[in-house]
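The structure appears right after this line, and notes come after that.
Since every read-out is calculated from the coordinates, none of them should be taken as a lab result. Every value quoted in this text rests on a predicted model; they were computed, and no experiment measured them. Cβ placement follows ideal geometry from the backbone for every residue including glycine, while neighbour counts extend to all protein chains displayed.
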Amino acid sequence: MRPTQKLARILATRVGEDVELAIATERGEILKVLATADQIDMLVDELDDILNSPAEPVAGGPPDAA
């Protein structure tokens with residue numbers, strides 16, 4: 001698994017019935033993924049939960065991705 005990189009930006013565009021996410025890192029790398037509308041809804045819910053929860057102290061960096 002590659003080390004965690006810092007996010008530069010995320011771009012989203014519709015591709016047919018799906019949504020393409022282009023995730024750019026500060027190192028200039030870009031990862032493109034296709035997601036369904038349901039997956040985008042789950043992502044938005046997850047981010048909303050994180051943003052509305054109390055911040056936890058960071059000991060050794062960000063948690064591992066699920």
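Quick look at the numbers
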| item | result |
| --- | --- |
| Stretchable slack from Arg2 to Leu47, in nm (0.36 nm times residue separation minus alpha-carbon distance) | 13.9 nm |
| Paramagnetic label zone (point 7 Å from Cα along Cα-to-C-beta, Glu17; backbone N under 11 Å) in the stretch 28-46 | 36-38 |
| The stretch 1-45: GluC sites (Glu not before Pro) in DSSP loop, at most 13 other beta carbons within 10 Å | Glu17, Glu26, Glu29 |
